[in-house]
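Take a look at the structure set out below.
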Amino acid sequence: DDGYPNVVLDPATGTYRVWHTSYQGPSIPGFFPATEGWEQMVNYRESADGIHWPMPSLGLVSYNGSKNNNIVLGAAGGFGVTLDESSVECRWKGIGQTPGAAPQCTDSGAVWCSPDGLNWTTPRCIGSLSSRWDTHNNIFRARRGGPWVVLSRSANFSIGRQESRGTTQTFRPGNYSQ
């Protein structure tokens, strides 16, 4: 898969930060999408120059019995990240799919908050935005003080692969218009 990278230049530190989805599971040559036994997770790296991206050992999420990895979220996929400099407790906002972590959010996707981009809240179901969520989901502010815009993949199978768009004035579940 393409990893769904989200690269942001953090103005507070001057470093480039990237969050990307990884898939871990049995090797099945020539077969994808993920099948039983696959896990999605969100990994993190940072770079001083945007070219070299060393893999840190963050010690946050256990995988295969070890926390010696760069995983910031387990059981999350198609994760989109954005920076909100107007918030302290939710400076980094995430949106995506929650297989396993919050199965009740499967049809609606979820949102996360983080003060530092590494330690994320429990996912909260969006609820009112119907999308597939099996794509690179994105959230951004249309303009300063304007609505938050969510881009995902349509849940309407009859029209094929198509963008789904929602907006909200607040970054909270249940307040999205489509």
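Numerical summary
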{"quantity": "Selected residue (criterion: modelled with the lowest pLDDT) from residues of the range 139-152 that are open to solvent by less than 50 Å² (accessible area, probe 1.4 Å), under 13 Å from Ile95 (Cα atoms) and not aliphatic (A, V, I, L, M)", "calculated": "Ser152"}
{"quantity": "Candidate set: the range 25-49, residues that are open to solvent by 70 Å² or more (accessible area, probe 1.4 Å) and not in a loop (DSSP other than H, G, I, E, B); chosen: the one modelled with the highest pLDDT", "calculated": "Glu46"}
{"quantity": "When residues of the range 3-16 are limited to those that are open to solvent by less than 20 Å² (accessible area, probe 1.4 Å) and in a strand (DSSP E or B), the one farthest from Gly96 (Cα to Cα)", "calculated": "Asp10"}
{"quantity": "In the range 97-130, the residues that are open to solvent by less than 20 Å² (accessible area, probe 1.4 Å), closer than 16 Å to Asn43 by Cα and modelled with pLDDT of 85 or more", "calculated": "Trp112, Cys113, Ser114, Gly117"}
{"quantity": "Residue, modelled with the lowest pLDDT, within the range 61-88, restricted to residues that are in contact with a strand residue (DSSP E or B) (Cβ under 6 Å, 6 or more places away or on another chain) and part of a loop (DSSP other than H, G, I, E, B)", "calculated": "Ala76"}
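The values are calculated or read from the model by the stated rules, or taken from the named source; none is laboratory data. Note that this is a predicted model, so its numbers are computed, not measured. A quick note on method: Cβ atoms are made from the backbone with ideal geometry, for glycine too, and the neighbour counts reach across all protein chains shown. Just so you know, the surface numbers come from the protein's heavy atoms only, side chains and all, with ligands and any DNA or RNA stripped out. Shrake-Rupley method; radii C 1.70, N 1.55, O 1.52, S 1.80 Å.
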